[in-house]
Amino acid sequence: MQFLKILFWIVLTVLVVLFADANWRSVEVRLWGGLIADVKLPILVLLVFLLGFLPTVAVYRAKMWALRRRVEVGERNAAAPVAVPASPVVTPPPVPEGERVATDTKVWPPA
């Protein structure tokens, strides 16, 4: 697999060099205020490529950073021991003397 990766980069480099060699001429770029810049065409293509590529890389890196943070928080929470709170013991309030406790004597469903 490493061989294919190296081969890909070599082929791409050769293609870029051949493009630059075939198109090495000056291009006039009209700027604001009547300014004119003479730029070599391969350099202009590289600058335009980077102008479009770098914001995409920045957004990708920001998303990966946020996702890594979420995974780290999840891993920390999974590794931390969980303390289960003891359920409180509920005791019924005492019935005062002389009062009758209501009991349900009906059976459902009726016979």
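The values are calculated or read from the model by the stated rules, or taken from the named source; none is laboratory data. Remember, it's a predicted structure, so these values are computed and weren't measured experimentally. Counting neighbours? That spans all protein chains shown, and the Cβs are built from the backbone with ideal geometry, glycine included. In case anyone asks, the SASA skips ligands and DNA or RNA and just uses the protein heavy atoms, side chains included. Shrake-Rupley method; radii C 1.70, N 1.55, O 1.52, S 1.80 Å.
Return yes when Val29 is open to solvent by less than 80 Å² (accessible area, probe 1.4 Å) and free of Cβ contacts under 8 Å to residues at least 40 places away in the same chain and no when it is not. For Val29, the condition - open to solvent by less than 80 Å² (accessible area, probe 1.4 Å) and free of Cβ contacts under 8 Å to residues at least 40 places away in the same chain - is met.
Under the condition of being open to solvent by 90 Å² or more (accessible area, probe 1.4 Å) and under 14 Å from the mean Cα position of the chain (by Cα), the residues counted in segment 68-85 number 4.
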